[in-house]
Structure formats: structure tokens, C-alpha cells
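Below: one structure, written as C-alpha cells.
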Amino acid sequence: MKVLNLYACLGGNRYKWTDCDVTAVELDTEAARLYQERFPNDTVIVADAHQYLLDHFKEFDFIWSSPPCPSHSRARYWKSSNYETTVEPIYPDLKLYEEILFLQHYYRNGKFVVENVIPYYEPLIPAQKRDRHLYWTNFKLPNNIGSRHFDEMCQAKDELNKLSNFHDYDFRKYKGSQSVIKMARNLVDYEAGLTIFNTARGIIQKSNTIQTELF
């Protein structure tokens, strides 16, 4: 199965995927380098994931997209809505909804998922809520998809160590411009990534079997 992993970061969602040909797109060169080190058999492309999706969506059986979330997050909004703080208000990045609408209407090759945080506003397009995240997909997700303790780790005092142990990855290897703790927090729970991937793969395989039987 050919998979497109957009805004790949360090591959939290991808960690437990097997039997697939993955193309990962990441703009941060340091994150892309570490992703390649972590997943040496994947094709890693340093590029704008938003544009890459538009140019290459027809080439893949499964697409995962995790666009940047800060402009939608409740935490940032709560800080920036208080005029006495140093966090400036920003426009929500509507590339998130551009990708959802694009995939919903143009992508017919397989299954897709767009993942993001629960926003500070009512989502402009209905989504499936699981734990701390929203998922826009063209298939139904199981009710329980991730680790029961993932949210607890993201709020612990020794958060970085707990997340490093959970993801089986030393985030201190990252020497780029982003905050290390922010990168650790934003990595998708790999159990959720695996459940969603296996659900999509099962649907695709079943569909292919039915089509083969028809002919």
C-alpha cells in the first residue's frame, strides 16, 4: 500500500505501520533528517506538504495529513485573548480546511485522514472526536483508538521524559528551531496512528477483494 504522510515531523503516527511504502513530507530540514534516520526505508521529501498534496494526491492509496495546529489550539487562544499577555492574536490557518475540502471532493483513490487539535471555535467542518484530537476522514473510526494514558503524559511535570519513553525516542536529538517539548507534545499517539492505519487498510483490502470477485 502506497502511503503519503504529510507534515511528518518525527513520525509519531507512522511508528508502528508495517507492510507499506511510505512517502513522508516535512519542511523542517532537521526534523526530516531525524525522520529519515528513524525510518530509513521511507522516502523523505523536504517540501511544503500543502503543495505536495495538491501535486501528488493521485499517487497514493492512503493519505495522512497533520497540518500545524497552533493557530487553532485552545491553549494559544486563551493566552492571546488576554491582552495583557505577550502572545499575539493570529488568524486561524485555513489550509487545514482547504485540505479537508480538497480530499473530500477530489481524492477517490483510497482513504484519508486529516488530524488536528480540538479548536477554540466550533469546527467549520464536522469531524470525528477522539481524545484530544479531531479527525476528518472518509471512513468510520473505532471509538477507542489510542493510549489511555497519553493525555496524562502530556500534562505531567516530567513530560519530556514520559513522552520520550512512550514514543521510544530521545527528542533531545532535535537541534532545529522548534521547541523540543512542543515537538514531543505534537507527536501523534502511535497507538492511535496504528489503529487508524489498520482500519483504513482493512477497508481498502476488503474493497479490493470485492472488486476482484466481481470481475
In the stretch 15-85, which strands (runs of 3 or more DSSP E) lie fully inside it and hold 2 or more residues that are modelled with pLDDT of 95 or more and under 19 Å from residue 97 (Cβ atoms)? 62-65
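Restricting to the stretch 46-75, name every residue that is over 16 Å from residue 136 (Cβ atoms), touching a helix residue (DSSP H, G or I) at 6+ places or on another chain (Cβ under 8 Å) and in contact (Cβ under 8 Å) with a residue 40 or more places away in the chain. Full working, then the answer.
Step one: filter the stretch 46-75 for residues over 16 Å from residue 136 (Cβ atoms), giving 46-48, 51-52, 54-56, 58-61, 70-71, 73-75.
Those still in the list that are touching a helix residue (DSSP H, G or I) at 6+ places or on another chain (Cβ under 8 Å) too: 46, 54, 61, 70.
Of everything in the stretch 46-75, those that are over 16 Å from residue 136 (Cβ atoms), touching a helix residue (DSSP H, G or I) at 6+ places or on another chain (Cβ under 8 Å) and in contact (Cβ under 8 Å) with a residue 40 or more places away in the chain turn out to be 54, 61.
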Applying the selection to the stretch 160-183, what residues are in a helix (DSSP H, G or I) and polar (S, T, N, Q)? 161, 164, 165
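Looking at the structure I just gave you, is residue 78 touching a residue at least 12 places away in the same chain (Cβ under 8 Å), among the aromatic types (Phe, Trp, Tyr) and under 17 Å from residue 194 (Cα atoms)? Lay out the reasoning, then the answer.
On the way: touching a residue at least 12 places away in the same chain (Cβ under 8 Å): yes; among the aromatic types (Phe, Trp, Tyr): yes; under 17 Å from residue 194 (Cα atoms): no.
Taking the combined requirement at face value, the residue does not satisfy it.
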Identify the single condition in (1) among the acidic types (Asp, Glu); (2) touching a Ser or Thr at 6+ places or on another chain (Cβ under 7 Å); (3) crowded, with 17+ Cβ neighbours inside 10 Å that residue 88 does not satisfy, given that it satisfies every other one. (3)
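Hey, among the residues in the stretch 21-32 that are without any contact (Cβ under 8 Å) to a residue 24 or more places away in the chain and in contact with a strand residue (DSSP E or B) (Cβ under 8 Å, 6 or more places away or on another chain), which one's farthest from residue 197 (Cα to Cα)? Before you say what the answer is, go through the steps one by one.
We begin by selecting, within the stretch 21-32, every residue without any contact (Cβ under 8 Å) to a residue 24 or more places away in the chain; these are 21-22, 24, 26-27.
Those still in the list that are in contact with a strand residue (DSSP E or B) (Cβ under 8 Å, 6 or more places away or on another chain) too: 21-22, 24, 26.
On the way: 21: 13, 22: 12, 24: 15, 26: 19 Å.
By that ranking, first place goes to 26.
Among the listed residues 159, 115, 99, identify the single one that is closer than 25 Å to residue 80 by Cα, modelled with pLDDT of 95 or more and not basic (Lys, Arg). Talk me through it step by step, then tell me what you get.
Values: 159 fails: modelled with pLDDT of 95 or more; 99 fails: closer than 25 Å to residue 80 by Cα.
After ruling out the rest, the residue left standing is 115.
Do we have any residue at all in the stretch 104-113 that's surrounded by fewer than 16 Cβ atoms within 10 Å (Cβ to Cβ), assigned to a helix (DSSP H, G or I) and among the aromatic types (Phe, Trp, Tyr)? Walk me through how you get there before you give the answer.
Step one: of the stretch 104-113, the residues surrounded by fewer than 16 Cβ atoms within 10 Å (Cβ to Cβ) are 104-106, 108-109.
Next, only the ones that are assigned to a helix (DSSP H, G or I) stay: 104-106.
Checking the rest, the ones that are also among the aromatic types (Phe, Trp, Tyr) come to 106.
Within the stretch 104-113, one or more residues are surrounded by fewer than 16 Cβ atoms within 10 Å (Cβ to Cβ), assigned to a helix (DSSP H, G or I) and among the aromatic types (Phe, Trp, Tyr).
The values are calculated or read from the model by the stated rules, or taken from the named source; none is laboratory data. On a predicted model such as this, the values are computed, not experimentally measured, just so you know. With ideal geometry, Cβ positions are generated from the backbone for all residues, glycine too; neighbour counts draw on all protein chains shown.
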